[in-house]
């Protein structure tokens with residue numbers, strides 16, 4: 001494992017930056033790090049040309065230099081305490097592979113909402129999809145238009161419920177998020193069909209009862225049940241326009257839950273507020289990680305001299 005990851009393991013919140021447009025993700029990550037008393041690890045992967053013959057190290061450094069400069073530019077715009085630890089992990093690698101490597105070592109990973117060009121999609125795929133779909137730690141996907149809203153507005157945190165059971169891992173994260181923001185929590189169950197008033201009342205009562213049995217973990221946060229019918233994607237995206245954050249739970253066995261995966265993919269692409277994807281704990285307690293095809297190692301990670 002690269003020394004920089006070994007040194008900061010579990011003591012930082014990581015943010016992946018892909019361009020100078022990653023400022024919203026960096027701001028969110030910096031704010032979360034301040035709230036939790038942690039440091040910040042800025043992660044960037046860049047592409048190294050495929051050399052078929054030995055090359056001068058100066059050429060390799062010339063390719064790496066813009067990547068380090070980008071990290072400098074992003075961190076320079078952050079408003080953080082002067083004593084806050086900000087470290088960097090810059091490496092020649094596929095972006096998703098590098099971020100998933102980092103995700104195994106940190107409590108939270110933040111990425112920007114990824115809208116790749118056609119060429120980038122052919123080369124790498126949609127990076128936020130790959131990371132959110134396989135990260136062993138919670139992932140926050142932040143749209144570039146995101147700005148921190150005034151706490152006085154009390155926009156709620158919304159957590160999506162699918163099926164008959166509460167997503168406990170997602171609820172734990174959602175409650176902590178709501179408590180940190182000083183706002184309420186909306187627990188939303190979307191049914192795949194339209195329902196009448198009486199059926200809605202019945203479903204809402206059942207969800208409220210489930211929440212009441214779980215309230216011992218609510219940390220004093222006000223929780224409200226909401227049942228909607230119809231297109232779940234549309235309801236979640238509509239709520240993202242007026243939510244402080246949207247939280248969903250990602251099942252470990254993806255192929256058993258195609259509806260969950262479709263919901264997360266739709267939200268990843270179009271969410272208006274930070275989207276927090278929380279992995280469902282595996283029965284064995286071990287994280288499930290994606291094997292991403294990587295380049296052959298070209299160099300070790302670098303920590304810029306700040």
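Computed from the coordinates by the stated procedures, all read-outs in this text should not be read as laboratory data. The structure presented is a predicted model; accordingly, all values stated were derived computationally and were not measured. Cβ sites come from the backbone with ideal geometry, for glycine too, and all protein chains shown count toward neighbours.
For the stretch 124-208, the calculated P(r) over all alpha carbon pairs, in 5 Å bins from 0 to the bin holding the longest distance, is 3, 11, 16, 19, 18, 16, 12, 5, 1, 0 percent.
Once the gyration tensor of the Cα atoms in the stretch 32-116 is diagonalised, the equivalent ellipsoid follows with semi-axes of 27, 16, 11 Å, ordered largest first.
May I ask for log10 I(q)/I(0) of the stretch 151-279 at q = 0.13 Å⁻¹, from a Debye sum over the Cα atoms as equal point scatterers with solvent left out? One equal scatterer on each Cα of the stretch 151-279 leads to -0.49.
Each of 72, 44, 272 was scored by other Cβ atoms within 10 Å of its Cβ. Arranged with the fewest first, they read 72, 272, 44. For the stretch 151-279, the antiparallel share of DSSP beta bridges with both residues in that region comes to about 0%. Footprinting exposure proxy ranking of 212, 240, fewest other C-beta atoms within 10 angstrom first, gives 212, 240. Full extension of the chain between residue 56 and residue 222 yields a length gain of 53.6 nm, computed as 0.36 nm times the residue separation minus the alpha carbon distance. Taking other Cβ atoms within 10 Å as a rough exposure proxy, 100, 70 sort from fewest to most as 70, 100.
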